[in-house]
Amino acid sequence: MGLRDIEFAEEYRSGEDDALNAFFLPAFKVAKSYDRAVGYFSSSALECFAAPFDRFVQFGGSVRLVTSVELREADVEVMRDAAVREALCEERILEVIEREFTGKAVSSGVQKLAALLEIGRLEIKIVTPQNGIGIYHEKVGIFFGDADDYVAFSGSTNESREALIHNYECIDVYPSWEVPSRARRKKDHFQALWKGVAPGATTYGFSEAAKRKLIRAIKSAPVRSRGDSEDEVAGLWPHQRDAVAEFFAKRRGILEMATGTGKTRTALSILSRLIRSSAIRTAIIAADGNDLLDQWGGDLAAVVSESYPRFRLLRHYGPHHDRDEYLLDPENTVLLCSRQALQGVLKRLDQSAKAHALMVHDEVHRFGSASHVRELDGLADAIPWRLGLSATPDREYDQAGNSFIERNVGEIIFRYPLERAIADGVLCGFDYIALEWDPSDEDRRTVQALMRRRAARAGAGEPMSEEEFRREVARVYKISVEKVPIFAAFVDGNPDALDRCIVFLAEKAYGDYVREHIHAVTPRFHTYFDVDNAAVLKEFATGIIDCLITCHRVSEGIDIRSVKTVVLLSADRARLETIQRIGRCLRTDPKDPDKRALVVDFVRRRATADGDPTTDEDRRAWLEGLAQIRRSTRDTGE
């Protein structure tokens, strides 16, 4: 059997065609040799390159590989001399081998490559753009069979199972006996690269020193078992791997994962896989608040710096203003931006860029606000990969916002609630203390005045909605001074509760009143409201400050694992915010493996013994149930 016996299609479009089984594997079974250009030289590139051709290796096939390294700006300035260029290229190759291969687990396919390199059946050459800037990124391949038969192909896909299943790229195929001129052009182009005569490119040999170092690094590396994925090697928890798999099956939707269970890390794994498989050429990450965006920035920088192909990170929020630079050239770029900037980005982003993009909404429930519904509906329709993240994606009492989120991001496709996370040991357990309190006479008079105002508005034909009335009544109770002496007494008897503690309350003015009582116990506290300096959060994270008094600003997203206590001096009727807030103290802490958190709640007593339970009492019953959960014995994959 030879190449002519295979019925090749003109193209294989991933997501529609099974390119791995219909094209690559049949060709490898009968080919005698293989030429391939794979882009940037890295462990992930060789991983992709080696994935499908075990049989090809077993039956004596030989390989010529063209790849690239990224030169530095300082290198380009001294590259006029040919000998200097060669030395610089070798230096960069050795650096990549040290960084990417030394001491890291590799697949059996990569080990076979090392064996081929050692016995001379794999030859490698390095190509860079002639001006030294950027990398050679064209991807061309040729299978050679019997006599003069060969099959050339081009396209930006990599030969990994993940790439061939999950990207939207197209492999164009040119059998020499069917489209000889196109096939010959691809073959001649590769040959020109190999010989170093391709216009606009410079070709370097793969030195003996680099060859020996690569062989040693791969042969001494531990072998990754066949069943292991790259994510498993990276140490994802089982629920994170399940979430990643569900997203790739659906391509759009929301991951509902309890605070502290690794939503960001899961999203970064998805981003890495999409980049690695060439499924996307650009990505946009949107969130609210400079602190959360800065935290994303640190995480993204690590991913982008190790990406293949190499991506860059741009930002547009707070002091960063990279939106226009991104819109001019979104290729191979991740844009991290505030939700407020999203309209300007999505309206101006080219449709072709959207067609190869990932859109990530952190704390996706905030995406459903009325202003976003007006401004952003439909702007991301052309983006195939859309991911929402939240511990609480449902916007209680806002069906319009929920419908907008589902329409523009997707439905909830994966759930990992607090109960499971605590039982699995992904989050720590907690003790719960409920401090009961009664409204003052002044509180009751204020509520009665609200009832009279409601009746008056109804009589005037301008009725107050039930939701508006409840919100106004709730505010009275949230800022009741009756809770403060009870809190002061609790702190006086339990001063350790303020160590690594966040006190959540409703308003800044109320916080100013509360802090007078905390100051009597510890001077190491600070308020953190909308007008405060973000440095306060860093001081709290590093332990300079013991206790933080805040409203909403650290309810979502911020990861400070050392927090032990959360005080709910005020709480919403909806569970959404309570889940976000208690999540601040439920993160496990590597420095405190036996950590058990504490949640202190304030529960308003019902007016009469036989009256309906208050919303505080409903919350107490729910939190008491959560506090009873103990970690199960099953392995979490940590």
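Given Cβ point charges of +1 (Lys, Arg) and -1 (Asp, Glu) and nothing else, what value in debye, to the nearest 20, does the dipole of the stretch 420-463 about its Cα centre take? Before the final figure, lay out the partial values.
Working: 7 positive and 8 negative charges, 97 e Å.
Using Cβ point charges on Lys, Arg, Asp and Glu, the stretch 420-463 gives about 460 debye.
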Fully extended, how many nm does the chain gain between Arg13 and Asp381 (0.36 nm per residue separation, minus their Cα-Cα distance)? 130.4 nm
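Nearest 0.05, what FRET efficiency do Ala400 and Arg475 give at R0 = 22 Å with Cβ-Cβ as r?
Details: r = 23 Å, r/R0 = 1.07.
Between Ala400 and Arg475 the formula returns 0.40.
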Binned at 5 Å from zero, the C-alpha pair distances of the stretch 251-365 give percents of 2, 11, 25, 25, 22, 11, 2, 0
Pairwise FRET efficiency - Ala192 versus Ser562, Cβ, R0 = 45 Å, nearest 0.05: 0.15
Cross-link partners of Lys213 among lysines (Cα-Cα below 19 Å; sequence separation of 8 or more within a chain): Lys104, Lys112, Lys125
Looking at this model, which pairs from Lys32/Lys354; Lys187/Lys347; Lys29/Lys186 are more than 31 angstrom apart at the alpha-carbon? Lys32/Lys354; Lys187/Lys347
What translational diffusion coefficient, to the nearest whole µm²/s, does the stretch 292-359 have by Stokes-Einstein, given a Kirkwood radius computed over alpha-carbon pairs, a temperature of 25 °C and 0.890 mPa s viscosity? 198 µm²/s
Could you calculate the contour length gain from Glu467 to Gln343, that is, 0.36 nm times the residue separation minus the distance between their Cα atoms, to one decimal place in nm? 41.7 nm
Listed by chain and number, the residues whose amide H is under 5 Å from that of Ala434, excluding neighbours fewer than 5 places away on the same chain and using placed H, are Asp601
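How large, in Å, is the stretch 396-504 by the Kirkwood hydrodynamic radius built from its alpha-carbon pairs?
On the way: mean 1/r = 0.0534 Å⁻¹.
Roughly 18.7 Å, rounded to one decimal.
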Near the amide H of Ala382, under 5 Å away, which other amide H atoms are found, from residues 5 or more places off or on another chain, if H is placed in the peptide plane? none
Partners for Lys478 among lysines (Cα-Cα distance below 22 Å; same-chain residues under 8 apart left out): Lys508
How compact is the stretch 559-623 by the rule of thumb for globular proteins, expressed as Cα Rg over 2.2 N^0.38 Å? 1.33
Calculated from backbone phi, Karplus (6.51, -1.76, 1.60) coupling profile of the stretch 395-411 in Hz, x at Gly/Pro: 8, 4, 6, 9, 5, 4, x, 5, 5, 4, 4, 5, 5, 9, 10, x, 7
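Between Ala509 and Asp324, what FRET efficiency comes out of the Förster formula 1/(1 + (r/R0)^6) with R0 = 60 Å and r the beta carbon distance, rounded to 0.05?
Working: r = 40 Å, r/R0 = 0.67.
Here the calculated transfer efficiency is 0.90.
FYI, it's all coordinate maths here, none of it is from the lab. A quick note: this is a predicted structure, and the numbers were derived from the prediction, not measured. Here the Cβ is made from the backbone with ideal geometry for all residues, glycine too, and neighbour counts use every protein chain on show.
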